[in-house]
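One structure is given below, encoded as structure tokens.
The values are calculated or read from the model by the stated rules, or taken from the named source; none is laboratory data. Since this is a predicted model, take the numbers as computed values, not measurements. Cβ atoms come from the backbone with ideal geometry, glycine included; neighbour counts cover every protein chain shown.
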Amino acid sequence: MALRAHQPSAVILGVSLLGLTLASCGSSGVSTAPEDPSETRATLNKLVDHNLVLLATTRTSTMQREMQEVADAGYSLAGLQGGKTAWGAWELVVVMQRNPDSTSRTEYRLLATVKTSTMEEELQRAGNAGFLYRAQTSLDKETVVILERNRDLESIQRIEYKLLATTKTSTMQQELLAATAAGFNFAGVTVAEHLFGGKEVVTILSRPVTGN
């Protein structure tokens, strides 16, 4: 069954995840969870023998809610990719994996913007609330970042984020060296469509905030 491009979907998989890439979609023998959110959650709670859930949507605004519903059923983020799927539509694809040994409650936050300056501001707000970087991808001209935090922690470790964006890889090398010299650690990198055309390298780094 091909992924539908017009609305979110959840696919239940009983395999181990090694990686996530987008290619042309063909038929599949996997089953899908109902599209109604309450029905989806009830179905997930029953499918305890399935290891993976695949979520796909054309609207980044709906993915955070979808991810949280699946996380509340005992799953955590395993893979993220944005690209064109069936019928040439842009879709954001997330794979969630069940962790039967985990007892923590995970909260997810998804950030999506076409402006890198806006993304850095949103990243820092999330970092001030204790959210940790998990993954990033590009979706058409949007940069998409997923973060998570443990709801059960009694205290919050604030994180400082730095976003570097440039069309020149040589410039990115220099900026990376300066950032790591200041104590930042590499988190992730993507190549995204620039708002005004062309390609842009987007790199995210982080470091824990110490003191007040």
Exercise. Pick from the range 120-133 the residues that are touching a residue at least 40 places away in the same chain (Cβ under 8 Å) and surrounded by 20 or more Cβ atoms within 10 Å (Cβ to Cβ): which of them is nearest to Thr166 (Cα to Cα)?
Worked result: Leu123
Exercise. Looking at this structure, is Val202 under 23 Å from Lys84 (Cα atoms), surrounded by 18 or more Cβ atoms within 10 Å (Cβ to Cβ) and at pLDDT 95 or above?
Worked result: no
Exercise. So which of Ser206, Ser155 ends up being polar (S, T, N, Q) and part of a loop (DSSP other than H, G, I, E, B)?
Worked result: Ser155
Problem set entry | Members of the range 113-137 found to be basic (Lys, Arg), over 13 Å from the mean Cα position of the chain (by Cα) and outside any loop (DSSP other than H, G, I, E, B), listed by number | Arg125
Exercise. Does Val209 fit the bill of being touching a residue at least 12 places away in the same chain (Cβ under 8 Å) and either within 22 Å of the chain's Cα centre (by Cα) or crowded, with 18+ Cβ neighbours inside 10 Å (or both)?
Worked result: no
Exercise. Is there a residue being crowded, with 19+ Cβ neighbours inside 10 Å, of a type in the set (Gly, Ala, Ser) and touching a Lys or Arg at 6+ places or on another chain (Cβ under 6 Å) anywhere in the range 99-119?
Worked result: no
Problem set entry | Selection within the range 146-158 - modelled with pLDDT of 95 or more and out of contact with any Phe, Trp or Tyr (no Cβ under 7 Å at 6 or more places or on another chain) | Arg158
Problem set entry | In the range 55-112, residue modelled with the highest pLDDT [restricted to those that are among the basic types (Lys, Arg) and outside any helix (DSSP H, G or I)] | Arg109
Exercise. Can you spot a residue in the range 163-182 that is surrounded by 20 or more Cβ atoms within 10 Å (Cβ to Cβ), touching a residue at least 24 places away in the same chain (Cβ under 8 Å), β-branched (Val, Ile, Thr) and on the phi < 0 side of the Ramachandran plot?
Worked result: no
For this session: Return a yes/no flag: does the range 138-145 have any residue that is at pLDDT 95 or above, assigned to a helix (DSSP H, G or I) and of a type outside the set (Asp, Glu).
Result: no
